[in-house]
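What follows is a short report on a single structure.
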2 protein chains.
Amino acid sequence: MKQTPAEETITEKAVASFSTTPDARLREIVQSLVRHVHAFTQEVELSEEEWLAGVRFLTATGQMCDGLVRQEFILLSDVLGVSMLVDAINHRAQHTVTESTVFGPFYIEGMPDREFGENMAFTPGVPALVTGKVTDADGSPLANATLDIWQTATNGMYSGQDTEQPIGNLRGRYHTDEQGRYAIRTVVPVSYPIPTDGPVGQLLSATGRHPWRPAHLHFMIEAPGYRTLVTHLFNHDDPYLDSDAVFGVKDSLRVAYKPCEYNNPLAKTFGFKVAFQHATYDFILPRVPS
Amino acid sequence: MKQTPAEETITEKAVASFSTTPDARLREIVQSLVRHVHAFTQEVELSEEEWLAGVRFLTATGQMCDGLVRQEFILLSDVLGVSMLVDAINHRAQHTVTESTVFGPFYIEGMPDREFGENMAFTPGVPALVTGKVTDADGSPLANATLDIWQTATNGMYSGQDTEQPIGNLRGRYHTDEQGRYAIRTVVPVSYPIPTDGPVGQLLSATGRHPWRPAHLHFMIEAPGYRTLVTHLFNHDDPYLDSDAVFGVKDSLRVAYKPCEYNNPLAKTFGFKVAFQHATYDFILPRVPS
């Protein structure tokens, strides 16, 4: 049914109520928010029961959050594609640098510094080595860049979610050498479901969506004078690449893990006593705009 | 800046991800929600910091809620005008019946049944009597309709918010007699601020809005075969009638409290020993559509 004049008046009154907001940017955001939330409410002609169900859903989402590694509103933003949209809006027109993707809710600050090639896996899995360079857009190596890394164990859980894992498991801060090179010893990432025991899980279940993310390794790469890069490397052959529950996949971020035997020269360098998988990827960071 | 093709793709992927939702109505709602949330994000070009501020605001709003009388998401819906919009959408084209308004977050179920004219005020205030009839659209009286009433004490707090008040203070379930008449003995309502100690209060403060609601008495009126009416009666001379923080005022719901001396015949009927204020209002309920 079409909007009635009474309904239009309510929207205009609500927008006008924010017209004296001192901060111009806050005014713009809140007035746009009111218009779009009203337009949604109007378009679907939300019933009172549906409105109350929405209130309860949002309340439960807030109450599911705790301090460390459970941020259900980030998860909601992720499964609605909002996180990737914010990422796209904020990283336009940077075709010469590595693409970014979602931050996700599982990062933990202050994880241990790791040596070049140090093993960050304290739980079992397929042994893996990830190596490459960090450079600027001209190909010049960035020495002493920090690569903050996190991934799940092979049970699909991050440390912090899973009390069986030491907190530093499959997490750590690596650093590039003088030639901009990095080396991470770990296990091959596995696909895993996002947490389904909260409101976001109920939403996915009610809408017939699966909760799986394709296997990936998280990176947050920082170097002075360069813009921080938040991204993933996805296993190139994962079955969920085309249906990532959080829409995070970009083709340029797919990487192949290639089998290496125990007698490969890299095995000696990085201390592998058994066969392992080796992936390589070079990251390109954009300069901070001057 | 204009939406890029990459951004449009994200929106379309997110909408499409819900296309196999089994329930058609849920599919309609969630797909519309995704489009409108993305349109908002796009229109204001939300930065990553602003997105995170939004996540934190929503989280704090959920965590401010508790079971009984603090529902911060209803309060947020109220101050954004969404609650009144839902009310308007769900009560269209009923010009022959009493208008509805916001339910608000302060209702408590299971309050005491009250006799005709019983005093529900256990805290001080200006003594008041509210009387009238409940009828159908043809003017036929509705006998034994239930009027569930709630209002703040003169300190601006509802019982449940204020641990000093007995829970039944200024609350109760009145019933109409055979002629459809009701009578409520209470105190004259006062204007009060909605709770400002949570995220909604921070929003109002940051946007330069005041938190006041004009003085009112809440009604939820139920009669078998009729649609439940949720409404208020507003003091007709309140200074906040034109700037209600939750946009709830409708002209037809204004009511005048008229002074009556202690020797007025109503004083004897209803047991007033001092001067009091008297308001009258007749409610008209719509039939449940058959």
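The values are calculated or read from the model by the stated rules, or taken from the named source; none is laboratory data. Everything numeric here is computed off the predicted structure, so don't read it as measured data. Positions of Cβ are generated from backbone atoms using ideal geometry, with glycine treated the same way; all protein chains shown enter the neighbour counts.
The residues in the stretch B:23-52 that are without any contact (Cβ under 8 Å) to a residue 12 or more places away in the chain, assigned to a helix (DSSP H, G or I) and more than 23 Å from A:Ser47 (Cβ to Cβ) can be counted, and the count is 8. Just to be sure, is A:Ile74 surrounded by 17 or more Cβ atoms within 10 Å (Cβ to Cβ), hydrophobic (A, V, I, L, M, F, W, C) and free of Cβ contacts under 8 Å to residues at least 24 places away in the same chain? No: the conditions fail for A:Ile74. Is it fair to say B:Val200 is buried (at least 18 other Cβ atoms within 10 Å of the Cβ), closer than 26 Å to B:Leu76 by Cβ and of a type in the set (A, V, I, L, M)? Criteria met by B:Val200.
When the residues of the stretch B:1-33 are filtered to those that are closer than 16 Å to A:Ala88 by Cα and β-branched (Val, Ile, Thr), the one that is modelled with the lowest pLDDT is B:Thr4.
For A:Arg27, the stated conditions hold: it is over 17 Å from the mean Cα position of the chain (by Cα) and surrounded by fewer than 18 Cβ atoms within 10 Å (Cβ to Cβ).
Scan the stretch B:106-154 for residues that are assigned to a strand (DSSP E or B) and on the phi > 0 side of the Ramachandran plot and the total you get is 1.
Selection of the stretch A:84-126 for residues being within 10 Å of chain B (Cβ to nearest Cβ), out of contact with any helix residue (DSSP H, G or I) (no Cβ under 7 Å at 6 or more places or on another chain) and buried (at least 17 other Cβ atoms within 10 Å of the Cβ) yields A:Asp87, A:His91, A:Phe103.
For the stretch A:39-50, the condition holds for no residue, the condition being that it is under 28 Å from the mean Cα position of the chain (by Cα) and among the β-branched types (Val, Ile, Thr). When A:Gly81 is tested against (1) in contact with a Ser or Thr (Cβ under 9 Å, 6 or more places away or on another chain); (2) modelled with pLDDT of 95 or more; (3) surrounded by fewer than 22 Cβ atoms within 10 Å (Cβ to Cβ), exactly one condition is not met: (3). Quick one: in the stretch A:140-164, which of the residues that are within 25 Å of A:Leu285 (Cβ to Cβ) and without any contact (Cβ under 8 Å) to a residue 60 or more places away in the chain is surrounded by the most Cβ atoms within 10 Å (Cβ to Cβ)? This residue is A:Pro141.
So that you can scan it fast, the table gives a plain yes or no per residue for (1) touching a Ser or Thr at 6+ places or on another chain (Cβ under 6 Å); (2) small (Gly, Ala, Ser); (3) farther than 19 Å from A:Arg56 by Cα:
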{"position": "A:Thr176", "(1), (2), (3)": "no, no, yes"}
{"position": "A:Ala183", "(1), (2), (3)": "yes, yes, yes"}
{"position": "A:Val190", "(1), (2), (3)": "yes, no, yes"}
{"position": "A:Gly201", "(1), (2), (3)": "no, yes, no"}
{"position": "A:Gly208", "(1), (2), (3)": "yes, yes, yes"}
{"position": "A:Arg213", "(1), (2), (3)": "no, no, yes"}
{"position": "A:His218", "(1), (2), (3)": "no, no, yes"}
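Could you tell me whether any residue of the stretch B:35-49 is aromatic (Phe, Trp, Tyr), buried (at least 16 other Cβ atoms within 10 Å of the Cβ) and facing chain A (nearest Cβ under 7 Å)? Yes - at least one qualifying residue is present in the stretch B:35-49.
For the stretch B:64-76, the criterion of being farther than 18 Å from B:Met220 by Cβ, touching a helix residue (DSSP H, G or I) at 6+ places or on another chain (Cβ under 9 Å), within 7 Å of chain A (Cβ to nearest Cβ) and modelled with pLDDT of 95 or more is met by at least one residue. For the stretch B:1-22, the set of residues classified as of a type outside the set (Phe, Trp, Tyr), closer than 21 Å to A:Glu45 by Cα and at the interface with chain A (Cβ under 7 Å from one of its Cβ atoms) consists of B:Thr21, B:Pro22, listed by residue number. Scoring A:Lys273 on the criteria (1) outside any strand (DSSP E or B); (2) touching a Ser or Thr at 6+ places or on another chain (Cβ under 8 Å) leaves a single failure, condition (2).
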